[in-house]
Amino acid sequence: MANSYFDIPEPIRIKAIEAGAPKPQLSITLQAAPEKAALGYPGKSAGDVLFNGAAGTLLVSLGEAPKMITDTFRVAGGSVGRWLVQNAAPSAEISVNNVNGFGIPNALAAFCEGLLLGVFKFDRHKKASNSIEPITVSVRAQNGLDGVETVVRRATILARAVNLARDWGHEPANVINPVTLAERAVALSERYGLKCTILDEKKLEEIGAGAILSVGKGSHQTPPRIIVLEYAGKNAAADAQPVVLVGKGLTFDSGGYSMKDTANMQGMKYDKCGAMAVLAAIAAAAELGVSTPIVAIIGAAENMVSSYAYRPDDLITSLAGKTIEIISTDAEGRLVLADCLTYAQRKYSARAVIDLATLTGGVVVALGRLRAGILSNNTALSEQLAAAGERTHERLWPLPLDEEYFQLLKSDDGDMKNSATVREAHPIVGGIFLRQFVEDTVPWAHLDIAGLADTPKDSAYCPRGATGFGVRLLIDYLESL
Ligand code: BES
Ligand code: ZN
Ligand code: ZN
């Protein structure tokens, strides 16, 4: 199995070709839908395709012109990719003119991303999984290859990173647990030239990381890990402050003794998706040569029941020295993150700390599956991340963080409770809990991605399962610094 961690199917490869290269078998044309449905045109919805075998053309609808946005090109790309795979096309091409004719500078990049993201598949565990030759999609340049090659390269790196986050996110807990995740992180860091430090249970004990240790106590065969990856930044000054990314990596969340029921426990392998986004983002940033130094800190644990497990009523001591009264063993993500945030601030002088976590079911109730919640102590950071999310179509929406919400976490016996006893404002209370572990001077944002980390059904460029949400957003933000 050595090295197979990165063996992710690539049904499509994209390459740039010269303006004068020979004609292809199949040429792809993107076009806005006509006002009225018409013969010879694809349908009105973005991504509708019309194949003309005799002419060797695949016409792809971009929907109604006034509604067109950059993401429309991802949708079109996703749809083309799936069509090519389903129809076993050997190759196809699109002219850069056709894409950039829409006057949207990022259209080609978005189309390429969609093309590679839409054909992601997770079939490693199926007996009949067969790897076929990748389909080549050529992008015909107009004025020299350089510009197109740059776009294609960047889209390929991004899509591979998202697909890595999806692939690892999709693996169940009997494949990926905190220990095997740490092994994968080591392999990832070797591949991308990152520094990697693993804090195992002994080390966590030694430093007093009682919160993550408590969460992981029930899974004594697969104990928790804090995984740290560092990327120095391309040509970064020695004193440049890093952006620290923190990811919730619950490889399985049964709820512990505050146990989830059957329906709600299903899918809790996806409770590690914040961590997967952070891992994939730092790898992609290194490959792209982002100039900002980056640190990724993963809190990996498995929330299980056993006679070793932590219980409701337990009083635990976090790495920060603050004591926490456990109300619900199912509010475990914030405990893991608390120690990671403390570790981050002790070890690094961060210009920003950003955590991604599938923290609460409540954020799904509030925002559904279209937007993730963002809670922050710093308006500028929050706005920068939200803007990045608009650009990548990984959209965020702010929730408040008024200190008064902390009333809900006041504990008689400890410094705070890990969960309120009322069913109010869960995502905000989660954020307020984390806030207790963040210095006022450190710009920090918490992204509650519980509604976006996985999806029950296929969409234009995201098949069912782990979505890889956050990877492109983080890269966009990091590149904007
Ligand atoms: N991992 C869950 C949150 C979650 C729920 C993610 C649904 C994805 C889909 C988290 O650890 C959890 O159980 N949170 C509790 C918090 C509560 C006890 C305050 C929840 O949302 O019910
Ligand atoms: Zn939980
Ligand atoms: Zn959880």
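All of the numbers you see were taken from the coordinates with simple rules; none came from a lab. Small disclaimer: the values here were computed from a predicted structure and weren't measured. A quick note on method: Cβ atoms are made from the backbone with ideal geometry, for glycine too, and the neighbour counts reach across all protein chains shown.
Numbers at a glance
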| quantity | calculated |
| --- | --- |
| Criterion: within 22 Å of F437 (Cβ to Cβ), buried (at least 17 other Cβ atoms within 10 Å of the Cβ) and not charged (D, E, K, R) - qualifying residue of V290, V305, V278 | V278 |
| Condition met for R140 (basic (K, R), over 30 Å from S254 (Cα atoms), surrounded by 17 or more Cβ atoms within 10 Å (Cβ to Cβ) and touching an Asp or Glu at 6+ places or on another chain (Cβ under 7 Å)) | yes |
| Single match in E205, E190, E287 (criterion: touching a residue at least 40 places away in the same chain (Cβ under 8 Å), over 24 Å from T358 (Cβ atoms) and assigned to a helix (DSSP H, G or I)) | E287 |
| Residues within the stretch 230-255 that are of a type in the set (A, V, I, L, M) and within 15 Å of ligand 3 (Cβ to nearest atom), tallied | 2 |
| Every residue from the stretch 318-328 that is surrounded by fewer than 22 Cβ atoms within 10 Å (Cβ to Cβ) and outside any loop (DSSP other than H, G, I, E, B) | T323, E325 |
| Subset tally (residues that are within 13 Å of ligand 3 (Cβ to nearest atom) and either assigned to a loop (DSSP other than H, G, I, E, B) or surrounded by fewer than 24 Cβ atoms within 10 Å (Cβ to Cβ) (or both)) for the stretch 329-361 | 8 |
| S79, sole failed condition from (1) in a loop (DSSP other than H, G, I, E, B); (2) in contact (Cβ under 8 Å) with a residue 60 or more places away in the chain; (3) over 18 Å from Q25 (Cα atoms) | (1) |
| Segments classed as strands (runs of 3 or more DSSP E), wholly inside the stretch 10-65, with at least 1 members that are small (G, A, S) and at negative phi | 12-17, 27-31, 57-61 |
| Options A88, A33, A21; residue that is exposed (fewer than 14 other Cβ atoms within 10 Å of the Cβ), touching an Asp or Glu at 6+ places or on another chain (Cβ under 9 Å) and among the small types (G, A, S) | A21 |
| Failed item in (1) surrounded by 24 or more Cβ atoms within 10 Å (Cβ to Cβ); (2) near ligand 1 (Cβ under 10 Å from one of its atoms), with N264 passing the rest | (1) |
